[in-house]
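Everything below concerns the one structure shown next.
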Amino acid sequence: MVTPLSFGHRLPPQAPPAATGSLVCPLCASKDVETLSDDDDRKLSASDLGSSRRAVAHGKILRCRSCRFGFRSLRPAEEELFTLYRHLDPEVYEKELQGRIKTAKRHLKIVHRYAPGGRLLDVGCASGAFLNCAADAGWSVAGVEPAEILCHKAKQLLHGRGDIFCLPLQQADLPASSFDVVTLWDVLEHVPDPLRFMQHCAKLLKPAGYLFANVPDLDSLQSRFLGERWPLLLAEHLNYFNRQSLALCGDLAQLRWVDFGRRPASFSLEYLLYRLAQHRVPGASFGHKILHGSFLSSICVPVFLGETYSVWTRPANNPSSQEELLDA
């Protein structure tokens, strides 16, 4: 168990970041920021998103000296981002289904340490692997996914055992205080305004419900060792946390921090080496050429990429209405 992080004050919610370069921390609003990576900045395009991405230039990344939150300087507006994700190319993502299922089962084990069952919302549910595991375990499930083709696949996989909303979370019109668990597996790094997004998720939780989020960790060994070659430095990643800034995000959303952890994600050897080669990790390109097309290429392996997850709970005395929560 990690010693809880404590914050003695709450900062007011900030307006969503503009679609232009930002020199203000989107999390704590501090202007005391430094350049973490000075990669060329450019607007996001559909080809930057998802596992089928053809380029990995991550743009200029800044880091707040106050809360240690990292963020991409050039940030799209929410509607622009939704339009891009709506037409996401899922081809490579779906080829890794075996690994996605293994990772989804790990996620469910994490959830079961804190919550035995009930109503669960998976935000960014993709093609439904985690929701399917949860439904098989007896959970009543719902998912939100902006990518149309992934949303369709999730509905097919669940066979009517849950509700899938092909919308951004903020447009899904879900009732407040209606879920025992809300999960954000690899989602919070993609949203333009992570604090407001967390506040919205907190509003959906029942009192004493749990929220889970897994994100890239700037202070992980992998990030510090690989530097600019870290595979989680991606154009679509607008936000980079460490445990301090992740705990702060939950604290500002009026959630009570419970625990931190790390879990591996599973990938085929071929995909793993392909990703590492994209980021110019030495030996990866040669290994990918050797494995390509062989029986070894499909072997699924668990890998720690430098992520961390956090668990929060909503205190029983938290405000339940959206207006109260967002104005707190």
Go through the residues of the stretch 207-216 one by one and say whether even a single one is over 25 Å from Arg113 (Cβ atoms) and either open to solvent by less than 20 Å² (accessible area, probe 1.4 Å) or in a loop (DSSP other than H, G, I, E, B) (or both). no
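Is there a residue in the stretch 176-187 that is under 24 Å from Leu49 (Cβ atoms), in a loop (DSSP other than H, G, I, E, B) and under 19 Å from the mean Cα position of the chain (by Cα)? Give the steps one after another, and end with the answer.
Of the residues in the stretch 176-187, the ones under 24 Å from Leu49 (Cβ atoms) are 182-187.
Next, only the ones that are in a loop (DSSP other than H, G, I, E, B) stay: 186-187.
From the residues that got through so far, the ones that are under 19 Å from the mean Cα position of the chain (by Cα) too are 186-187.
Within the stretch 176-187 (the criterion being under 24 Å from Leu49 (Cβ atoms), in a loop (DSSP other than H, G, I, E, B) and under 19 Å from the mean Cα position of the chain (by Cα)), the answer is yes, since at least one residue qualifies.
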Scan the stretch 266-292 and report the pairs whose first residue is among the charged types (D, E, K, R) and whose second residue is surrounded by 12 or more Cβ atoms within 10 Å (Cβ to Cβ) and modelled with pLDDT of 90 or more, with Cβ atoms within less than 8 Å and a gap of 6+ or a chain change. Arg275/Pro231; Arg275/Phe267; Arg280/Arg229
Condition first: in a strand (DSSP E or B), within 18 Å of Ser220 (Cα to Cα) and among the hydrophobic types (A, V, I, L, M, F, W, C). Now tell me which residues in the stretch 61-99 satisfy that. Ile61, Leu62, Cys64, Phe71
Looking only at the stretch 242-267, filter to residues that are touching a Gly at 6+ places or on another chain (Cβ under 9 Å) and among the polar types (S, T, N, Q); which one of those is surrounded by the fewest Cβ atoms within 10 Å (Cβ to Cβ)? Ser266
So Asp40 ticks every box in (1) among the charged types (D, E, K, R); (2) on the phi < 0 side of the Ramachandran plot; (3) surrounded by 14 or more Cβ atoms within 10 Å (Cβ to Cβ); (4) in a loop (DSSP other than H, G, I, E, B) but one. Which box is left unticked? (3)
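Just to verify a result, which residue in the stretch 45-60, among those that are part of a loop (DSSP other than H, G, I, E, B) and in contact with a Ser or Thr (Cβ under 9 Å, 6 or more places away or on another chain), is surrounded by the most Cβ atoms within 10 Å (Cβ to Cβ)? Explain how you work it out, then say what you get.
So the first thing to find is which residues in the stretch 45-60 are part of a loop (DSSP other than H, G, I, E, B), and the list is 45, 49-59.
Then drop every residue that is not in contact with a Ser or Thr (Cβ under 9 Å, 6 or more places away or on another chain), which leaves 53-55, 58-59.
Details: Arg53: 18, Arg54: 9, Ala55: 12, His58: 22, Gly59: 24.
Out of the qualifying residues, it is Gly59.
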Considering each residue of the stretch 87-125, count those that are under 27 Å from Ala176 (Cβ atoms), at pLDDT below 95 and buried (at least 17 other Cβ atoms within 10 Å of the Cβ), and give that number. 0
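The values are calculated or read from the model by the stated rules, or taken from the named source; none is laboratory data. Being a predicted model, the structure only gives us computed values, none of them experimental. Cβ: placed from backbone, ideal geometry, glycine included. Neighbour counts: every protein chain shown. Surface areas here come from the heavy atoms of the whole protein model, side chains and all, with no ligands, DNA or RNA. Shrake-Rupley method; radii C 1.70, N 1.55, O 1.52, S 1.80 Å.
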